Structure formats: structure tokens, C-alpha cells
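Accompanying notes for the structure given below.
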Ligand code: CDV
């Protein structure tokens, strides 16, 4: 039986503050159709794909930000995307801000199968940035104010004929993210991101954003024998320039496809999931070669302990 999945990364250019959900959903549907015309059966959209990256602004009363969050999925505004995807027989992965019935706020990504059913929900684990207003910054990155870090961890779901995992933006920088999914046999990891090119705490990293993006996702793919699909919302959004460089990466760590613009753009790759076994059954045969008995510090402590 074929274990081929045709995957598309549907990169978004900027979404400005005034852009309505309806305008954005139209863009998503256009990308979905482009991907379908190129035989994609799974289309991956970025983190917080329905709105501008609102954590760049601080509001003292967090309820003033409620309009950036979704309380239902699908919602009235996103239903046309679900309908078109089902009509085309294409699945998708979508990032959005989630406000739950008990007032919890998560940075969330869902996986929707080709029949329109939501098969998985992932809530961001590693929340970067700051909790309080930092007025001296040129722009805020107050994700730690707007989102609760999820304690649900990294699941892997059987879908699209394989084992699919999800992570969101900053999660991709942490090796534990990939390994927890690797230990569940993950074959494709889907990741949306919004990465400002200017990193305020250490601007020496600014010219390295593209390098670091590729470095972490390519090594995570290789070390766990999995495909990784990294999808940006890039370009100049409300005065803040965002990294593009959306990529589809093979279990060998090689780049299969990469965007060339920082605007709405689709890239595709044919992913043979059996390729994962070349790595999972040899160099990275976890059962044979891993030494969890000497990795205790990984889960027993958070920060470095200097003797
Ligand atoms: N949205 C993000 O998680 N962005 C972070 C930035 C703040 C470093 C990232 O890891 O790309």
C-alpha cells in the first residue's frame, strides 16, 4: 500500500490589523485551491493564521483582545475554508488563537482530515517572549501574557496514512519537542510560525534567523527520521518584518522545497513515509541505541545546574 503523502506548505504574507477574518479566509481558500491543483492532500497554514500577530501590542485589559481569539472552530468565518477543503478532498492544518469556554487562552493548531473532520488539536507548549508590558521595546512579543503554556504535551495522531505530529513556532527550537514525537514514531511534523527578523533581546541574532530556522528543523527531522513542514507568516506586518523561508524537509534532513517570497506562496513535496524507516531503523534505532538511563536530567531539572 502506498505511503505517499503529497504535502503543501501554504505560506502567508502579512495580515494587517484591519484585515477581516473574511478577507483572510479568502486568501486561505485561494492557497488551498493552488495546493489542490498541484495534487496536495494535506495543506499546512501558519501559526495564528487568521489574524495579524497581535502579541506585538500590549493591552492592560486582556478582554480588549478577545476579538483576536476564536471561541468555536469551525466558526462562521472559517466554515467556508472547511467546506471548500472537504469539497476538494484536501486536509489542512491551521493555527489560531483559542479562547476556551472557561476563559483559557491557547496558541492552537488543528489538523483536519480530508473528510472535514478535526482529528487533532495541539496547543503550544513553549511560549516565548514576556508577560508584562515592556514599553522600551520597538514592538512587544507578549505571548506569555496572551497565552497559557499547554501541559498536554506533544501528541502523534494516525492520519493521512501515517503518524502526524504538530508543534508551533518556538517549539521548533527545542530538541525535546521532536524527540517526544520521535518516541511515538512520528513521520510528519507540522509547524506554523511567526518569527520577527529583529530579535529584541539580542539583535546579533537578526542576520541568523533564516539559518537558525533551517538548522533546528533540519536537525530535528534527521535526528528523528521524520518529515518536517515549517510554514511562515512572513513579510512586513504592521511595521515588523517576519521571516519567510517556509520549508518541507525530508527525514534525511535535506530540504525538499522552500519558498522564494515573503508573500502568499504554496510549495509542495511528495513525501514517501517509508523514507522515515531508513533513519528510524538504522542510525536512529532508538530501541537499540538510546540511553535513557543517563538522560535523567532532561526531565528532572529545568535550568542548568552549575557545580
Ligand atoms: N511566535 C514565536 O514563537 N516566535 C518566536 C520568537 C519570539 C523568537 C520564535 O521562536 O520564532
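Of all residues in the range 161-193, those satisfying the criterion of being within 16 Å of the ligand (Cβ to nearest atom), within 20 Å of residue 283 (Cβ to Cβ) and surrounded by fewer than 24 Cβ atoms within 10 Å (Cβ to Cβ) are 175, 176. Go through the range 83-103 and report how many residues are exposed (fewer than 13 other Cβ atoms within 10 Å of the Cβ) and either in contact with a strand residue (DSSP E or B) (Cβ under 8 Å, 6 or more places away or on another chain) or under 24 Å from residue 39 (Cβ atoms) (or both). The total comes to 2.
The set of residues in the range 219-241 being farther than 17 Å from residue 44 by Cβ and either outside any loop (DSSP other than H, G, I, E, B) or in contact with a strand residue (DSSP E or B) (Cβ under 8 Å, 6 or more places away or on another chain) (or both) consists of 219, 222, 223, 224, 235, 236, 237, 240, 241.
The residues of the range 60-76 that are part of a loop (DSSP other than H, G, I, E, B) and crowded, with 16+ Cβ neighbours inside 10 Å, listed by number, are 69, 73, 74. From the list 141, 67, 130, 126, the one residue that fits, being within 16 Å of the ligand (Cβ to nearest atom) and free of Cβ contacts under 8 Å to residues at least 24 places away in the same chain, is 130.
Taking the range 121-153 as the range and being exposed (fewer than 14 other Cβ atoms within 10 Å of the Cβ), in contact with a strand residue (DSSP E or B) (Cβ under 9 Å, 6 or more places away or on another chain) and under 14 Å from residue 201 (Cα atoms) as the test, only 138 passes. For the range 199-220, taking the residues that are within 10 Å of the ligand (Cβ to nearest atom) and within 22 Å of residue 124 (Cα to Cα), the one that is surrounded by the fewest Cβ atoms within 10 Å (Cβ to Cβ) is identified as 201. The number of residues in the range 148-176 being in a loop (DSSP other than H, G, I, E, B), touching a helix residue (DSSP H, G or I) at 6+ places or on another chain (Cβ under 8 Å) and closer than 26 Å to residue 66 by Cα comes to 1.
Bear in mind that the values in this text are calculations on the coordinates, not laboratory data. Values in this document were obtained by computation on a predicted structure and should not be read as measured data. Please note: Cβ atoms are built from the backbone with ideal geometry, for glycine as well, and neighbour counts cover all protein chains shown.
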